[in-house]
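**Student:** Just dropping this structure here.
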Amino acid sequence: MVLLAWAVAIAGLGLLFTSVRIALRARQHEHIPLTGRLDPMPPHAEWTYTAGLLLTMSSGLLNSRDVAPWNIVLFFAAVIAAALGFSLHNRRIDRLNATGSEGDEP
């Protein structure tokens, strides 16, 4: 049962990271808010995020006797990684906008 729980957790984390990747590719030249929701949400990003969230959290039900808190730790690690990815993306956009606006001046 523990192996099934870890497999479900890994599948959920994979879907969460896929959702982040879809959002980053859909908004290559725009800021992505760290809180709230993208408007409009990129295609497939919403269902991959929802399925990943459900799988990651439900994996705790499968391994509740053995290693229950680890699914929560993995979930928070995924959230921190997503926030870091969005922050780096926004920083790159700011840097490109700063260098682009300086290059337009005579």
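The values are calculated or read from the model by the stated rules, or taken from the named source; none is laboratory data. Everything quoted here is computed from the prediction, not taken from an experiment. Positions of Cβ are backbone-derived with ideal geometry, glycine not excepted, and every protein chain shown enters the neighbour counts. Calculation scope for accessible area: heavy atoms of the full protein, side chains included, ligands and nucleic acids excluded. Shrake-Rupley method; radii C 1.70, N 1.55, O 1.52, S 1.80 Å.
**Student:** Find the residue count for the range 32-64, including only residues that are of a type in the set (D, E, K, R) and part of a helix (DSSP H, G or I). Steps first, answer last, please.
**Tutor:** Kept after step one, since they are of a type in the set (D, E, K, R), are these residues of the range 32-64: 37, 39, 46.
If we keep only those that are part of a helix (DSSP H, G or I) too, we end up with 46.
Here the count works out to 1.
**Student:** Quick one: is Leu4 free of Cβ contacts under 8 Å to residues at least 12 places away in the same chain, open to solvent by 60 Å² or more (accessible area, probe 1.4 Å), in a helix (DSSP H, G or I) and on the phi < 0 side of the Ramachandran plot?
**Tutor:** No, not satisfied.
**Student:** Okay, next question. Taking the stated definitions as given, is Leu61 open to solvent by 90 Å² or more (accessible area, probe 1.4 Å), closer than 18 Å to Leu84 by Cβ and of a type outside the set (Gly, Ala, Ser)?
**Tutor:** In short, no.
**Student:** For the range 70-80, give me each residue that is open to solvent by 40 Å² or more (accessible area, probe 1.4 Å) and more than 15 Å from Thr35 (Cβ to Cβ). Step through it out loud before you land on a result.
**Tutor:** Start the filter on the range 70-80 by keeping residues that are open to solvent by 40 Å² or more (accessible area, probe 1.4 Å), which leaves 70, 72-74, 76-77, 79-80.
Matches in the range 70-80: Trp70, Ile72, Val73, Leu74, Phe76, Ala77.
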